[in-house]
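Asker: Dropping a structure here in structure tokens format, bear with me for questions.
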Amino acid sequence: MHSAPVTPSGDRIRWVELPGGDGPARVYVHGLGSSSPAYFTEVAAHPLLAGRRSLLIDLLGFGLSDRPVDFDYRLESHADALAAALTAAGLDGAELIAHSMGGSVALVLAARHPHLVSKLVLVDATLDPIPEPGPPGAGSSGIAAFTEEEFLAGAWRQVRDAVGPGWWSTMRLAGLEALHRSAVHLTRGSTPVMRDLLLTLPIPRTFLHPAADGPFPGTAALTAAGVSVVAIPDCGHNIMLDNPEAFTKATADALST
């Protein structure tokens, strides 16, 4: 395990690193309430993707990383903290494979720190703000339906019960402030908004989504902008866990172009 300080007070981002040979490093970034080693180890070690230096990194506030309570957890702040960690790791022009909220952070990272990112594979990433919080419970909109005070005072238990034991196994590692603030800012989106960043970034970009969800909204515009949109069969939102063989094939294809 490796780590680097990413805030003025010395809070550290941590990651598990898989050694590899020549070529750009690969960085795997998890979604809300998740952890990259838990979600990506199987696919990162798959023969189709192994052989590159690979960082399975946990965003500040989640997984193995520190959980500061004085950090705002905006998408831009997550991206800048991630940039500090990648810089400390000596990376330049990395290939990012990023899931859900991690995809939103990766888009902001690529826009704000373009020298750090050479290719993007977004895994059912969040591209659009959610204008109205959902019913209290699972997901970013469900968490954002609570005030921070309500969440810290015990409403997090309602989220625990709603997400189930699988997601909670990594969500319980997150700081409560980190979880709530990240959810709130994910529903608000970045400036410019994530979808607009995806449309305009001048690097190879691939967007993976579950085929079962039907056509991804805005596919025509994404394709016209040079984004490869790929439907993955036999999976839900956690594509890399549900169908690792199809995930690794699609990701390897994306990174080989």
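Asker: How about region 76-177: which helices (runs of 4 or more DSSP H) wholly inside it have at least 3 residues that are out of contact with any strand residue (DSSP E or B) (no Cβ under 6 Å at 6 or more places or on another chain), over 25 Å from Leu208 (Cβ atoms) and not aliphatic (A, V, I, L, M)? Please lay out each step first, then the result.
Answerer: Numbers: elements: 101-112, 139-144, 156-171.
In region 76-177, the matching helices (runs of 4 or more DSSP H) lie at 156-171.
Asker: Being of a type in the set (A, V, I, L, M, F, W, C) and either modelled with pLDDT under 95 or surrounded by fewer than 22 Cβ atoms within 10 Å (Cβ to Cβ) (or both) is the filter here, so list the residues in region 198-221 that pass it. Even if it seems obvious, please write down each step before you answer.
Answerer: First, pick out the residues of region 198-221 that are of a type in the set (A, V, I, L, M, F, W, C): 198-199, 201, 203, 207-208, 211-212, 216, 220-221.
Hits for region 198-221 are Leu199, Leu201, Ile203, Ala211, Ala212, Phe216, Ala220, Ala221.
Asker: I'd like to know if region 46-58 contains one or more residues that are part of a strand (DSSP E or B), small (Gly, Ala, Ser) and under 20 Å from Ile239 (Cβ atoms). Walk me through how you get there before you give the answer.
Answerer: Pass one, region 46-58, residues part of a strand (DSSP E or B): 52-58.
Cutting the leftovers down to small (Gly, Ala, Ser) gives us 54.
Among the residues that remain, those that are also under 20 Å from Ile239 (Cβ atoms) are: 54.
For region 46-58, residues part of a strand (DSSP E or B), small (Gly, Ala, Ser) and under 20 Å from Ile239 (Cβ atoms): present.
Asker: So, one more: Output the number of residues of region 217-226 satisfying the condition of being assigned to a loop (DSSP other than H, G, I, E, B) and either small (Gly, Ala, Ser) or on the phi > 0 side of the Ramachandran plot (or both). Walk me through it before giving the result.
Answerer: First, the residues of region 217-226 that are assigned to a loop (DSSP other than H, G, I, E, B): 217-218, 225-226.
Still in the list and also either small (Gly, Ala, Ser) or on the phi > 0 side of the Ramachandran plot (or both): 218, 225-226.
Residues in region 217-226 being assigned to a loop (DSSP other than H, G, I, E, B) and either small (Gly, Ala, Ser) or on the phi > 0 side of the Ramachandran plot (or both): 3 in total.
Asker: Sticking with this one: Which residue pairs have Cβ atoms under 6 Å apart, sit 6 or more places apart or on different chains, and have a first residue in region 10-34 that is over 16 Å from Leu86 (Cβ atoms) and a second that is in a strand (DSSP E or B) and not charged (D, E, K, R)?
Answerer: Gly31/His99
Asker: For Val229, are the conditions met, namely being part of a helix (DSSP H, G or I) and not acidic (Asp, Glu)?
Answerer: On the way: part of a helix (DSSP H, G or I): no; not acidic (Asp, Glu): yes.
In short, no.
Asker: Given the options Gly21, Gly63, name the one that is farther than 25 Å from Pro192 by Cβ and either in contact with a helix residue (DSSP H, G or I) (Cβ under 6 Å, 6 or more places away or on another chain) or surrounded by fewer than 23 Cβ atoms within 10 Å (Cβ to Cβ) (or both).
Answerer: On the way: Gly63 fails: either in contact with a helix residue (DSSP H, G or I) (Cβ under 6 Å, 6 or more places away or on another chain) or surrounded by fewer than 23 Cβ atoms within 10 Å (Cβ to Cβ) (or both).
Every option except Gly21 fails the conditions.
Asker: Search region 192-216 for residues that are in a loop (DSSP other than H, G, I, E, B) and pair each with any residue that is surrounded by 19 or more Cβ atoms within 10 Å (Cβ to Cβ) and of a type in the set (Asp, Glu) when their beta-carbon atoms are under 6 Å apart and the residues are at least 6 apart or on different chains.
Answerer: Close Cβ pairs (under 6 Å, with a partner that is surrounded by 19 or more Cβ atoms within 10 Å (Cβ to Cβ) and of a type in the set (Asp, Glu)) do not exist here.
The values are calculated or read from the model by the stated rules, or taken from the named source; none is laboratory data. All of these numbers come straight from a predicted model, not from anything done at the bench. For neighbour counting, all protein chains shown are included, and Cβ atoms are generated from backbone atoms with ideal geometry for every residue, glycine included.
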